[in-house]
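The values are calculated or read from the model by the stated rules, or taken from the named source; none is laboratory data. Values in this document were obtained by computation on a predicted structure and should not be read as measured data. Cβ sites come from the backbone with ideal geometry, for glycine too, and all protein chains shown count toward neighbours. What goes into the accessible areas is simple: the full protein's heavy atoms, side chains included, and nothing from ligands, DNA or RNA. Shrake-Rupley method; radii C 1.70, N 1.55, O 1.52, S 1.80 Å.
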Amino acid sequence: MNPVDRALHEAVRRLPGCTDTPRLDAELLLAHAYGIERDELLLRTPSGPVPPAFAELLERRCAGEPVAYIVGRRAFWNIELEVGPGALIPRPDSETLIAAAIEHFAGGDGPERILDLGTGPGTLLLAALDQWPRATGLGIDASEAALAYARRNAERLGLAPRAHFRRGDWARRVTERFDLLLCNPPYVAQGAELGPGVAEHEPAEALFAGPDGLDDYRRLAPEVGRLLAPGGLAAIEIGHDQGTSAAALFAAEGLQPAIAQDLGGRSRALLIRARR
């Protein structure tokens, strides 16, 4: 067994207690230790000894630190984002919102103006701007730490001229109408169990939303209608068990939310279409 295979074998043996994806985590961490991409690690096995840094990276993962924070980046849709402490790590589930927007604007020119409420490291806004090169957008977040990541990501991706970020309290003081509104608000109920290392490392203000997980939907529901331009779409992420409860809050404001499912067939987003 070569050194790489041996190192991966030992890592996979140690990791199951702190992650649901021990093999993937081990490969990502070892590739990071070598300074290469995971694909290169798997396709062209490096020669020579395993970098000593791998042991330290593995210890950090065993202590519960998310892989994305350890390596400092996370892929999302067609882009890669810098992430770290203070910024919510992008999840594949959130790609449901981008997919729904693409379907909504199919056959047309796409959105011209995009709003991302609770943008974090710029996840949804930058993915959308990459998808629609003629669009411009605004990302709002209450966290300066998260906005610092968002601005750096926009610069690195060449999207800074089209992306503006500012600190704010959801849609307060936003008076413009947008063709596309994207939002991944906190929706975890206080006290709910999360995956290993999530509550311990990721920002609580980006995760938890009161006793039932609906507090931020209560604040967003009265705002969505006034923020959408004619023919626009709001795509708002929800927990897999919040389809009925979250939709009712928006329906009470005279809106007609539909539910989009993720690739696992679970409720993942509310879709609200503005009249043309």
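Some points to look at:
- Rounded to whole Hz, the Karplus (6.51, -1.76, 1.60) HN-Hα couplings of the stretch 121-129, x for glycine and proline: x, x, 3, 6, 4, 5, 5, 5, 5
- Spin-label model, Arg113/Arg60: points 7 Å from Cα along the beta carbon direction are separated by 4.1 nm.
- Helix axis angle, 95-104 relative to the chain longest principal axis, alpha carbon, degrees: 40 degrees
- Per residue solvent-accessible surface (Å²) - the chain, probe of 1.4 Å: 48 Å²
- Average Cα contact separation per residue, the chain, under 8 Å, 6 or more apart, as relative contact order %: 15 percent
- Considering only Arg151, Arg162, Arg173, the Gaussian network model of the chain with Cα springs below 10 Å gives its largest mean-square fluctuation to Arg173.
- Remark on Asp116: its backbone amide H falls under 5 Å from those of Leu138, Gly139, Ile140, Leu182, a criterion applied only to residues 5 or more positions apart or on other chains, H modelled at 1.01 Å from N.
- As a ratio to 2.2 N^0.38 Å, the alpha-carbon radius of gyration for the stretch 217-276 is 1.06.
- Accessible-area value, Thr21, 1.4 Å probe, nucleic acids and ligands omitted, Å²: 60 Å²
- FRET E, pair Glu253, Ala160, Förster distance 51 Å, beta-carbon r, rounded to 0.05: 0.90
- Averaging Cα coordinates gives a centre for the stretch 135-200 and one for the stretch 68-108; these two points are 11 Å apart.
- At R0 = 22 Å, FRET efficiency that the Cβ-Cβ distance of Arg13 and Arg266 yields, to 0.05: 0.10
- Carbon and sulfur %, accessible surface of the chain computed with the full protein complex present, 1.4 Å: 50 percent
- For the pair Glu103 and Glu40, label points projected 7 Å from Cα toward Cβ lie 3.8 nm apart.
- Cα-based shape type of the stretch 125-249, given that a ≥ b ≥ c are square roots of the gyration tensor eigenvalues and the cut on a/c is 1.5: oblate
- Restricted to Cα atoms, the stretch 80-178 shows a radius of gyration and a Dmax of 12.8, 39 angstrom.
- For the chain, the longest principal axis of the C-alpha atoms and the axis of helix 144-156 are separated by about 80°.
- Potential lengthening of the chain between Arg273 and Ala192 amounts to 26.0 nm, from the contour at 0.36 nm per residue minus the alpha-carbon distance.
- The orientation-averaged projected area of the convex hull spanned by the Cα atoms of the stretch 1-157 comes to 10.7 nm².
- Global geometry of the stretch 180-227, whether rounded, prolate or oblate, following the gyration tensor of its Cα atoms and the 1.5 cut on a/c: prolate
- Distance cut-off 26 Å, percentage of C-alpha pairs in the chain lying past it: 45 percent
- For the stretch 1-72, the spread of Cα positions along each principal axis, largest first, Å: 29, 25, 20
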